[in-house]
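Here is the structure we will look at, set down as structure tokens.
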Amino acid sequence: MQFEVRANEKKRFLEAINKRVDAKLNDVVDEIFMRATDNLATKRITDTGFLAGSGSVNHEFLRKELIFKAGYAGRIEFGSPPHYVSPKQLVKWVHRKIGLSDDEAWGMAYAVSKKIGEQGTEPHPFLTPAIQSVKIRFGGA
């Protein structure tokens, strides 16, 4: 009988620990998400807000997942090797980012497309710095 009581106490103790760990994990992942989306805005990494808006956090018990659904999120974070990007996909970005007239924007879009095709893109990390700053805040290395 005494063994059953101790086993039940141990089970309740472990459940309480798991709940506290889960709450702390929620705090950590929420802080990372907030800092990552803040980095996108303050560092002017993107100009439409679509990347930040594509982000979300899944809070399952003892399992956390931070997601950016925008297909180009990884290319922003890590850069990319040379690849083709249609100038048509770039012209609106050039127009917004630089403020050129439509004709000038097309010319710049072709130049940017050519550069990406030859050199790829540089990384503009937004998530990695957020993780690093939260690791420091929460006592990680």
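The values are calculated or read from the model by the stated rules, or taken from the named source; none is laboratory data. No experiment lies behind these values; they were computed from the predicted model shown. Glycine gets a Cβ as well: all are built from the backbone with ideal geometry, and neighbour counts include every protein chain shown.
Do we have any residue at all in the stretch 99-119 that's surrounded by 12 or more Cβ atoms within 10 Å (Cβ to Cβ), within 30 Å of Asp30 (Cα to Cα) and of a type in the set (S, T, N, Q)? Checking the stretch 99-119: not a single residue is surrounded by 12 or more Cβ atoms within 10 Å (Cβ to Cβ), within 30 Å of Asp30 (Cα to Cα) and of a type in the set (S, T, N, Q).
Of the listed requirements (1) over 20 Å from the mean Cα position of the chain (by Cα); (2) in a helix (DSSP H, G or I); (3) modelled with pLDDT of 95 or more, Ala130 misses just one: (1). For the stretch 48-66, the criterion of being touching a His at 6+ places or on another chain (Cβ under 6 Å) and polar (S, T, N, Q) is met by none of the residues. In the set Glu65, Glu77, only one residue is closer than 30 Å to Lys24 by Cα, free of Cβ contacts under 8 Å to residues at least 40 places away in the same chain and not β-branched (Val, Ile, Thr); that residue is Glu65. For the stretch 61-81, residues that are surrounded by 12 or more Cβ atoms within 10 Å (Cβ to Cβ) and more than 17 Å from the chain's Cα centre (by Cα) total 0. Of the listed requirements (1) in contact with a strand residue (DSSP E or B) (Cβ under 9 Å, 6 or more places away or on another chain); (2) among the small types (Gly, Ala, Ser); (3) part of a helix (DSSP H, G or I), Ser56 misses just one: (3). Within the stretch 100-113, none of the residues are touching a residue at least 40 places away in the same chain (Cβ under 8 Å), out of contact with any helix residue (DSSP H, G or I) (no Cβ under 9 Å at 6 or more places or on another chain) and farther than 30 Å from Ala16 by Cα.
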